[in-house]
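> One structure, pasted below without further comment.
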Amino acid sequence: MLGMLMFLCLFTAIMSMRPVRETMGVAGGVRNLPWLFTGTFVATLLAMPVFGYLARRMSRHRLLAGLFSLFALNLLVFAVLIARDPHQVWVARSFYVWLSVFNLMAASLIWSVLADVLVLDQAKRLFGLIAAGASAGGIVGPIVALQVAHLGLAGILVCAACCLFGSIAAAFALFRWRQRQPATSVAADSPDRALGGSPLDGAAQVLRSRYLLGIAVFVLLLASVSTFLYVDQARWVERHFSDPNDRTEFFAHIDLVVQVLSILVQMFLAGRIAQSLGVVALLTALPVLMALGFLSLAIVPGFGLFVGVMVLRRAGEYALIRPGREMLFTTVPTAEKYKAKNFIDTVVYRAADALSSWLESALRAVESVPWLAPLMGAAIAVIWAGTGRHLARTQAQQSIRLPGAVQ
């Protein structure tokens, strides 16, 4: 329950702001999206040394509190700036980039906490259910935004900051629960200790480990598929909706459908799939479906079909891919669960965003072959599925070698 509450508070904050961010992105012009992705990647690179410095000096149970408090302060600053001038273009673009960085860093850190406090057997049973808290936040977030809409965007940001403090409280309670349990996990050292090391340890850990490099490749392919669809979504929305309010409403409806589907799968299917078919099913089912979806878009492009593929991709990522790839980190040392994982989830993900957005735009520029971009998306999805299968097998082998691990 504490894990679900931690996710509920965080994703209520994120999802209350997401439709506004998407509208800001389209408003700046679809042709400028690769620049926003590139700006997000640069901002992520600048944020990583800050995370590394905090991880080196702060105890693990205080790391989340410190970063989330910093994020909440950022939100309050944006609230003041937007309240003063809600139409300032550079404030809007800065907010888009900031929310994109915050989204991944916060989600990565909160999953690190779960990978730290749960052993593999617990993760298989509970990760899908705990992730339902994120989907519940995805439903509650838009509702909160609607309730405080009369206060403007600044009011939404203040509410989001309050939700972050709720997530901090749940994380502290979860760590206290962890300290009362037998030391059966690979991360049996005390969460009161700092991780130590260098701010750049995350990158070094990934480069030294074939297993972590494999996870980085998996995330790179995941982000590439997501970005191909994201840029295409902006193009379809720009073409079909001219009013910003209509665009925001469309994005909100998509978010609602995605979160309802996600929470149903997480609560009733994800845990059973993981226990009966293993992590391999969680990591390969969606890539295979995405390959088929891209091929369908290449043959019969249409707005309705695209929306269906987009909803399937996002719901599948939340309900299957995210729990599955977080289970991959249950068999690595504690420092890698925080530093290497955060590097992969932020720098690698945003680098893939930037590169794939430019690639997608270049492929779409060849107007004589409109099927070229979706065909490339299908090829990436096939490689993504193969990478997931390989990682699941490697993780199964590592889990057998863990001392005291329960399978």
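> Rounded to the nearest 20 Debye, what is the dipole magnitude of the chain about its Cα centre when Lys and Arg each give +1 and Asp and Glu each give -1 at the C-beta?
1060
> Step through the residues of the range 280-286 one at a time and calculate ³J(HN,Hα) from phi using the Karplus curve (6.51 cos²θ - 1.76 cosθ + 1.60, θ = phi - 60°), rounding each to whole Hz and writing x for Gly and Pro.
4, 5, 5, 8, 10, 4, 5
> Could you give the nm distance between label points at ALA365 and SER242, where each point is 7 Å from its Cα heading toward the beta carbon?
About 2.9 nm, to one decimal.
> Right, next: Which of the listed residues, THR23, ALA136, LEU151, is farthest toward the dipole's positive end in the chain, when Lys, Arg count +1 and Asp, Glu count -1 at the beta-carbon?
ALA136
> Distance in nm between label sites at LEU73 and ARG389, each 7 Å beyond Cα in the beta-carbon direction?
It is 4.9 nm.
> Suppose we take every Cα in the range 250-331 and form the convex hull; what volume per residue is that in Å³?
92
> Can you pull the Kirkwood radius for the chain, inverse mean 1/r over Cα pairs, to one decimal in Å?
Final number for the Kirkwood radius of the chain is 21.3 Å.
> Next question, about the same structure. Using the count of nearby Cβ atoms within 10 Å as a rough guide to exposure, how do SER167, SER296 rank from fewest to most?
Least crowded to most crowded, the residues run SER296, SER167.
> Separation of the range 130-170 and the range 50-104 by C-alpha centroid, Å?
When both Cα centres are located, 15 Å separates them.
> Also: On a C-alpha basis, how far is the centre of the range 246-295 from the centre of the range 196-240 in Å? Whole number, if you could?
Here the two parts' Cα centres lie 18 Å apart.
> What residue among ASP243, ASP255, ASP201 has the largest mean-square fluctuation in a Gaussian network model of the chain, using Cα springs under 10 Å?
ASP243
> Among ILE110, ILE273, which comes first, second and so on when ranked by fewest other beta-carbon atoms within 10 Å?
Ascending Cβ contact count within 10 Å gives the list ILE273, ILE110.
> Can you give the FRET efficiency for ASN32 and HIS87, using 1/(1 + (r/R0)^6), R0 = 25 Å, r = Cβ-Cβ distance, to the nearest 0.05?
Calculated transfer efficiency: 0.90.
> Report, in deg cm²/dmol and to the nearest 500, the calculated mean residue ellipticity at 222 nm for the chain, where each DSSP H run with n ≥ 4 adds -39500 (n - 2.57) and the sum is divided by the residue count.
That calculation yields -27000 deg cm²/dmol at 222 nm.
> Moving to a separate point now. Whole-Hz ³J(HN,Hα) for each residue in the range 80-96, computed from phi via Karplus 6.51 cos²θ - 1.76 cosθ + 1.60 with θ = phi - 60°, x for glycine and proline: what do you get?
5, 5, 6, 5, 6, 8, x, 9, 6, 4, 6, 5, 4, 5, 4, 5, 4
> Pick out, from PRO333, LEU297, PHE343, the residue whose Cα sits farthest towards the positive end of the charge dipole of the range 268-349, with +1 on the Cβ of Lys and Arg and -1 on the Cβ of Asp and Glu.
Farthest along the dipole direction, towards plus: PRO333.
> Here's a follow-up. What is the chain's relative contact order, in percent, from Cα pairs under 8 angstrom and six or more apart in sequence?
Reported as a whole number, the value is 32 percent.
> Please find the FRET efficiency linking PHE165 to TYR53, where r is the Cβ-Cβ separation and R0 is fixed at 30 Å, and quote it to the nearest 0.05.
The formula returns an efficiency of 0.85 here.
> Output wanted: per-residue J couplings in Hz (rounded whole) for the range 294-309, from phi through Karplus 6.51 cos²θ - 1.76 cosθ + 1.60, θ = phi - 60°, x for Gly and Pro.
5, 4, 5, 5, 5, 8, 10, x, x, 5, x, 5, 4, 4, x, 5
> Another question about this same structure. Could you put TRP371, TRP98, TRP90 in order, starting from the residue whose Cβ has the fewest other Cβ atoms within 10 Å?
TRP90, TRP371, TRP98
> Using 0.36 nm per residue, how much length does the chain from LEU200 to LEU151 gain when fully extended, once their Cα-Cα distance is taken away?
Length gained between LEU200 and LEU151: 13.5 nm.
Each reported figure results from applying straightforward, stated rules to the coordinates on display, with no laboratory input. For clarity, every value in this text was computed on a predicted model and none was experimentally measured. All Cβ positions, even for glycine, are placed from backbone atoms using ideal geometry, and neighbour counts span all protein chains on display.
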